[in-house]
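A short worksheet on the structure shown next.
The values are calculated or read from the model by the stated rules, or taken from the named source; none is laboratory data. These numbers were taken from a predicted model, which means no experiment stands behind them. Glycine gets a Cβ as well: all are built from the backbone with ideal geometry, and neighbour counts include every protein chain shown. The accessibility values were calculated without ligands, DNA or RNA, using every heavy atom of the protein model including side chains. Shrake-Rupley method; radii C 1.70, N 1.55, O 1.52, S 1.80 Å.
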There are 2 protein chains.
Amino acid sequence: MERIEHRACFGGWQDVYRHASETLGCGMNIAVYLPPQAATQKLPVLYWLSGLTCTEQNFITKAGAQRYAAEHGIILVAPDTSPRGDDVADAEGYDLGKGAGFYVNATRAPWSTHYRMYDYVVSELPALIEAHFPASAARAISGHSMGGHGALIAALKNPGRYRSVSAFSPIVAPSQVPWGEKAFAAYLGDDRQAWKAWDATELVAAAPEKLPLLIDQGDADEFLASQLKPERLRDASAAAGHPLQLRLRPGYDHSYYFISSFIGEHIAHHAAALRSPARAYKEDASSKSV
Amino acid sequence: MERIEHRACFGGWQDVYRHASETLGCGMNIAVYLPPQAATQKLPVLYWLSGLTCTEQNFITKAGAQRYAAEHGIILVAPDTSPRGDDVADAEGYDLGKGAGFYVNATRAPWSTHYRMYDYVVSELPALIEAHFPASAARAISGHSMGGHGALIAALKNPGRYRSVSAFSPIVAPSQVPWGEKAFAAYLGDDRQAWKAWDATELVAAAPEKLPLLIDQGDADEFLASQLKPERLRDASAAAGHPLQLRLRPGYDHSYYFISSFIGEHIAHHAAALRSPARAYKEDASSKSV
């Protein structure tokens, strides 16, 4: 891993690293915020997954999360949103290809060569972080929009792997909205049955662990009715008895001004879970993907 | 004034307005953060002047200042850093012309036609804000780098106009460093005597009001030794008996990660001054430019 940025921030360090990802077959940038406490102890980690068009930079420059991470003693890790590089497949438009990995493992050409963001985020990335930084195995995950979808499916598919999960303005039912339909058709093919393994609204029905879902959603979000549809997850969670706190925030839109306003509450939520004893699901004993 | 952006943020609104500036002879964007208290009362205003290459966007997207403005009930106003438009003179390089107005009134062609950022920031902008928003006449001013220079000279040249002034990594002695020498030679001509009226280190010697200067400076700032030289202002302030608090921050650089780490302390500083009774200098009685 090569450190390519190193900036003092709230008493800690906002760094960016570059490494060769085995899972993705390309070089990847990872933003890592190390709070002051990391100088002397192992700390829990909050993984942040960004939305369409983003890189590892958006969250660290715009969310203002470092202040809260420094208060609570949590490492923040924000990867890029897709494989990158000249030999990585791409498409016209902002919602497919580079910057739009959708946190799935693609099964169709040309995407399947590099687009394995699910395995990258769930497996390679935490292993890398826990090997190279003062990071404990206590993990939380959150994200925005496409990244909110990524956080939800990562948690729902991997009981025991995360202590807590939250999302801002997530794509909760990608199989049922234009962004998800376009991406899933390309990455996974036309068989909609295969999409269900990557859709939070489908996964929540059979999730073996009842990890509570925390979601904030602005009611002035320009994508609310067309792409986000949080009521789909609300109904599915209610039917499954899966705990969900869905907070509609009056006046807020889809931007980082919304995220910055409530990221402090999310980090406090994750900090409480990360400080508590490990949950009943032990990864080594019963972890499996659904 | 036309509102071109309107985003909910920390219970208030992060807006951007566009207006035709009489002083500058061009259209200008102004970022205005209205905290929740602005819905029901007049509030004091903190003016923020950004640095080289910036627009009205950098501060509002990267500094995380809205949280503190909402806590303290302060309106934030961040103008662009130069006149803009196709008929506005420009130059090669990032440090002259558009994005580099240096908060002076240019006296030399072709710059003198539009480059009057000092009059714009000190006079037209506050008049506009106080006429169109729930803004009191209690003003504070701050800025970064070139904008820190702008904040310092605006306060030093206008006793009574600002209740408080602070700066991050300011260009304190523009007459003595490459950035300032290039800009002042273009905007003001070769007579260095004329530069003194726009240089904080010169102005502090004769400032009629001893408004305390608060400066934060990272000691890992890549421009510290070549362009910033805070010791020049420290020495001049000491000689003049002008109060200056200069805080060197170990490890911090010139970026918004530095600003975001300490903007909360600056806003608390300004809030205390803005809440206190008006100072002895009354603008209507004794304001004059030096």
Inset, instruction - Among residues belonging to region A:29-41 that are buried (at least 18 other Cβ atoms within 10 Å of the Cβ) and of a type in the set (A, V, I, L, M), point out the one that is nearest to A:I75 (Cα to Cα). - result: A:L34
Inset, instruction - Scan (1) open to solvent by less than 10 Å² (accessible area, probe 1.4 Å); (2) over 30 Å from B:A106 (Cβ atoms) for the single condition B:P44 breaks and write down its number. - result: (1)
Legend entry - B:H242 in a loop (DSSP other than H, G, I, E, B), at pLDDT 95 or above, away from every other protein chain (no Cβ under 14 Å) and open to solvent by less than 70 Å² (accessible area, probe 1.4 Å): yes
Inset, instruction - Give the residue that is least open to solvent (accessible area, probe 1.4 Å), with candidates limited to residues of region B:8-28 that are closer than 23 Å to B:H270 by Cβ and touching a Ser or Thr at 6+ places or on another chain (Cβ under 8 Å). - result: B:C9
Legend entry - In region B:121-144, the residues that are polar (S, T, N, Q) and within 9 Å of the chain's Cα centre (by Cα): B:S142
Inset, instruction - Return the only residue of B:L76, B:L43 being away from every other protein chain (no Cβ under 11 Å), at pLDDT 95 or above, under 25 Å from B:R161 (Cα atoms) and touching a Phe, Trp or Tyr at 6+ places or on another chain (Cβ under 6 Å). - result: B:L76
Legend entry - Residue among B:G150, B:G180, B:G143, B:G189 that is more than 14 Å from every other protein chain (Cβ to nearest Cβ) and either farther than 20 Å from B:Y94 by Cβ or among the hydroxyl-bearing types (S, T, Y) (or both): B:G189
Inset, instruction - Inspect all residues belonging to region B:208-230 and state whether any of them is modelled with pLDDT under 95, in a helix (DSSP H, G or I) and open to solvent by 30 Å² or more (accessible area, probe 1.4 Å). - result: no
Inset, instruction - Name the residue, out of B:A183, B:A271, B:A200, B:A205, that is open to solvent by 50 Å² or more (accessible area, probe 1.4 Å) and among the aliphatic types (A, V, I, L, M). - result: B:A205
Inset, instruction - For A:L224, indicate whether it is in contact with a Leu (Cβ under 6 Å, 6 or more places away or on another chain) and of a type outside the set (G, A, S). - result: no
Legend entry - Residue satisfying all of: in region B:245-264; free of Cβ contacts under 8 Å to residues at least 40 places away in the same chain and aliphatic (A, V, I, L, M); nearest to the other protein chains (Cβ to nearest Cβ) among these: B:L248
Legend entry - Leading residue by the ranking (least open to solvent (accessible area, probe 1.4 Å)) among those in region A:79-129 that are charged (D, E, K, R) and in contact (Cβ under 8 Å) with a residue 60 or more places away in the chain: A:D95
